[in-house]
Amino acid sequence: QVQLVESGGGLVQAGVSLRLSCAASGRAVYAMAWFRQAPGKEREFVAAITRSRTDTRYGGSVRGRFTISRDNAKSTLYLQMNSLKPDDTALYYCAARTSILPLTTQTYDYWGQGTQVTVSS
């Protein structure tokens, strides 16, 4: 089993930066990712990264503004969010999987409870 705990969310103004963290415990994981879900909308893929950190992928709405990274020694996933917009307001989830699949596969086995990010205009 894998446990994921997100942190770092909050209420910020548009244009500022915020960094989310996700602490993982339990089994070693391969790919980790961030998803988000705004009220009344479907869950949206944000970014993903492999264990080796050599491969990353981003959703179109965040590419160029957000950066995903991970520290395997600390078993922690990060999401650096710059130039935040009100449209980035959502509950941000951390996800992980132990299977070795390409990042184009967006199926994950383990999910955190989420951390809320609210961006005011």
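The values are calculated or read from the model by the stated rules, or taken from the named source; none is laboratory data. These figures come from a predicted structure and were not determined experimentally. Glycine gets a Cβ as well: all are built from the backbone with ideal geometry, and neighbour counts include every protein chain shown. Each accessible area value is taken on the protein alone, full model and side chains, heavy atoms only, with ligands, DNA and RNA left out. Shrake-Rupley method; radii C 1.70, N 1.55, O 1.52, S 1.80 Å.
Here are some notes:
- Per-region count, the stretch 1-16, residues outside any strand (DSSP E or B) and either at pLDDT 95 or above or under 12 Å from the mean Cα position of the chain (by Cα) (or both): 5
- The stretch 101-113 residues that are touching a residue at least 60 places away in the same chain (Cβ under 8 Å) and surrounded by 11 or more Cβ atoms within 10 Å (Cβ to Cβ), paired with ones that are assigned to a strand (DSSP E or B) and polar (S, T, N, Q) (beta carbon under 9 Å, 6 or more apart): LEU103/THR56; TYR110/GLN3; GLY112/GLN3
- Boolean, GLY59 is out of contact with any Lys or Arg (no Cβ under 8 Å at 6 or more places or on another chain), exposed (fewer than 13 other Cβ atoms within 10 Å of the Cβ) and free of Cβ contacts under 8 Å to residues at least 24 places away in the same chain: no
- With respect to the conditions (1) of a type outside the set (A, V, I, L, M); (2) at pLDDT 95 or above; (3) over 18 Å from GLN1 (Cα atoms); (4) open to solvent by 70 Å² or more (accessible area, probe 1.4 Å), ARG65 lacks only one, and its number is (4).
- Looking at ARG19, ARG36, just one residue is open to solvent by less than 20 Å² (accessible area, probe 1.4 Å), more than 17 Å from ALA73 (Cβ to Cβ) and modelled with pLDDT of 95 or more, and that residue is ARG36.
- Residue in the stretch 73-82 that is within 12 Å of the chain's Cα centre (by Cα) and open to solvent by 50 Å² or more (accessible area, probe 1.4 Å) present: yes
- Test result for ALA90, in contact with a strand residue (DSSP E or B) (Cβ under 8 Å, 6 or more places away or on another chain), among the small types (Gly, Ala, Ser), over 24 Å from LEU11 (Cα atoms) and open to solvent by less than 20 Å² (accessible area, probe 1.4 Å): no
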